[in-house]
Amino acid sequence: MLTHEPDGIARCGWVTSAPDYLRYHDSEWGRRVRGERELFERLMLEAFQSGLSWLTILRKREAFRAAFRDFDPDTVAGFGDADVARLMGDAAIVRNQRKIDATLTNARAVVRLRDTVGLERLIEEHAPVEHSRPGAPDEVVGFSSESTALSKALKRHGFAHVGPTTCYSLFQACGFVNDHAVGCAAGDEIAGE
């Protein structure tokens, strides 16, 4: 469940020695993310990751930020056909028509959410209240009742390509749950141990 490579620090077993993964695991994954733009970005990166390696998304993250104008919901909500053509021609990002369309759809949904609950509060309202860190590989889950409920709520508000697994990955990445393995140094720091 843990790895101690390359520097002897205990980390989650999924971390490879790739510098991108090490940095992400140690300084970002599982740490609380706040703010509409920040959460929109993370949600969309999780959606783009579906079916791909997270390392692929990490290595393309700056290109995604440039292509989607730093994931500003108002800007992306205004994208039209010319922008979709530009994005489909951008080899620096994942060129998947459904995922690109979903990003535009979701930006528009984020803007509409401001009149009611707002994206951050909607996510917070569905986040697990209690959660135990995994101690063994079979304790790691891909979705939960809370992520399923968040997925349904987002879809009711007009979001697309946000299934329960994507929503659970968002919970993990943005610190709504601490899914660092028991004994992982980063997870212990987050938990205040």
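The values are calculated or read from the model by the stated rules, or taken from the named source; none is laboratory data. Just so it is clear, the model here is predicted, and its values are computed rather than measured. For neighbour counting, all protein chains shown are included, and Cβ atoms are generated from backbone atoms with ideal geometry for every residue, glycine included. The protein model used for the area step is the full one, side chains on, heavy atoms only, and it has no ligands, DNA or RNA in it. Shrake-Rupley method; radii C 1.70, N 1.55, O 1.52, S 1.80 Å.
Below are the figures for this structure:
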item	result
For segment 71-148, fraction of C-alpha pairs farther apart than 18 Å, in %	59 percent
Phi-based couplings in Hz for segment 28-35 (Karplus 6.51, -1.76, 1.60; Gly and Pro marked x)	10, 4, x, 8, 4, 9, 10, x
Candidate lysines for bridging to Lys60, where Cα separation is under 22 Å - those fewer than 8 sequence places away on the same chain excluded	Lys99
Under 18 Å from Lys152, Cα to Cα: aspartates and glutamates that are on another chain or at least 8 residues apart	Glu46, Glu120, Glu124, Glu125
Heavy atoms of Ser53: accessible area, 1.4 Å probe, square angstrom to 10	60 Å²
Heavy-atom accessible surface of the chain: percent carbon and sulfur, 1.4 Å	50 percent
Restricting segment 91-193 to trypsin sites (Lys or Arg not before Pro) in coil, as DSSP defines it, with at most 16 other Cβ within 10 Å	Arg95, Arg114
Radius of gyration and Dmax over the Cα atoms of the chain, both given in Å	16.8, 50
Listed residues His25, His4, His157 arranged by accessible area, highest first, probe 1.4 Å	His4, His157, His25
